[in-house]
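Student: Take this structure first; my questions come after.
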Amino acid sequence: IVQMPNGVADQNLTNDTLLSQFNLVVGGRYVKLDLLLDCWGSETSWQVVNNQNTVIYSSPAYADDNAVLIKDSFCLNAGCFTFKLFDKYGDGMSGQGCNGVGGGYMLKDPTGNVLVDFSSTQSFSVNDQSFCLVAGVSAAPQLNYKVFPNPTQSMITIKGDVHAVELKDLQGKLIYRQ
């Protein structure tokens, strides 16, 4: 609490506290967002929600402009999420009245893999796109092997001096052993 701002007694003690909400993600991975707004940026907003439909991240307010590319990122744990794009007017990101330049967005994982790629001239008020982040495989130092692709959602290749393999799902359940 500030009691003597600028060397004089504080005349307003009710404005001495600042509270801020934040997300704490331990061991998370950054997801990159490239959002191309149409001319009506003030109509556009977005949210990232988890599988319990809890909003984890949301957009700031955007201004009307000439098709601006917004770059943003957010940190998420492994799991599945939904990116919700909202258009207040309900005409989507068609670019009408914007020299025909429509909007869209792309989400990429930390290695540059595309998680969602959306562009449309169709009208919408809400566009939901689901995506999942899988836990990556970290190579142990000083061992001679390769695991690829990393991360993956289906099949992996392991090459090198490997004598045993155990694969576990995100909850730690053993799914494969050789």
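Student: Of the conditions (1) modelled with pLDDT of 85 or more; (2) surrounded by 15 or more Cβ atoms within 10 Å (Cβ to Cβ), Gly95 fails just one. Which one is it?
Tutor: The single condition Gly95 does not satisfy is (1).
Student: Pull out all pairs, ordered by first then second residue, where Cβ-Cβ is under 7 Å, the residues are six or more apart or on different chains, the first lies in the stretch 50-73 and is farther than 20 Å from Ser130 by Cα, and the second is of a type outside the set (Gly, Ala, Ser) and open to solvent by 70 Å² or more (accessible area, probe 1.4 Å).
Tutor: Between residues of the stretch 50-73 that are farther than 20 Å from Ser130 by Cα and residues that are of a type outside the set (Gly, Ala, Ser) and open to solvent by 70 Å² or more (accessible area, probe 1.4 Å), the close pairs are Asp64/Trp40.
Student: With (1) open to solvent by less than 30 Å² (accessible area, probe 1.4 Å); (2) modelled with pLDDT under 90 as the list, and Phe131 as the residue in question, which single condition is left unmet?
Tutor: Of the numbered conditions (1) open to solvent by less than 30 Å² (accessible area, probe 1.4 Å); (2) modelled with pLDDT under 90, the odd one out for Phe131 is (2).
Student: Among Lys88, Lys71, which is the only one that is under 14 Å from Val31 (Cβ atoms), at pLDDT 90 or above and of a type in the set (Lys, Arg)?
Tutor: Of Lys88, Lys71, the one residue that is under 14 Å from Val31 (Cβ atoms), at pLDDT 90 or above and of a type in the set (Lys, Arg) is Lys71.
The values are calculated or read from the model by the stated rules, or taken from the named source; none is laboratory data. Predicted, not measured: the structure shown is a model, and the values here were computed from it. Virtual Cβ from ideal backbone geometry, glycine too; neighbours counted across all protein chains shown. These area figures cover heavy atoms from the full protein model, side chains too; ligands, DNA and RNA do not enter into them. Shrake-Rupley method; radii C 1.70, N 1.55, O 1.52, S 1.80 Å.
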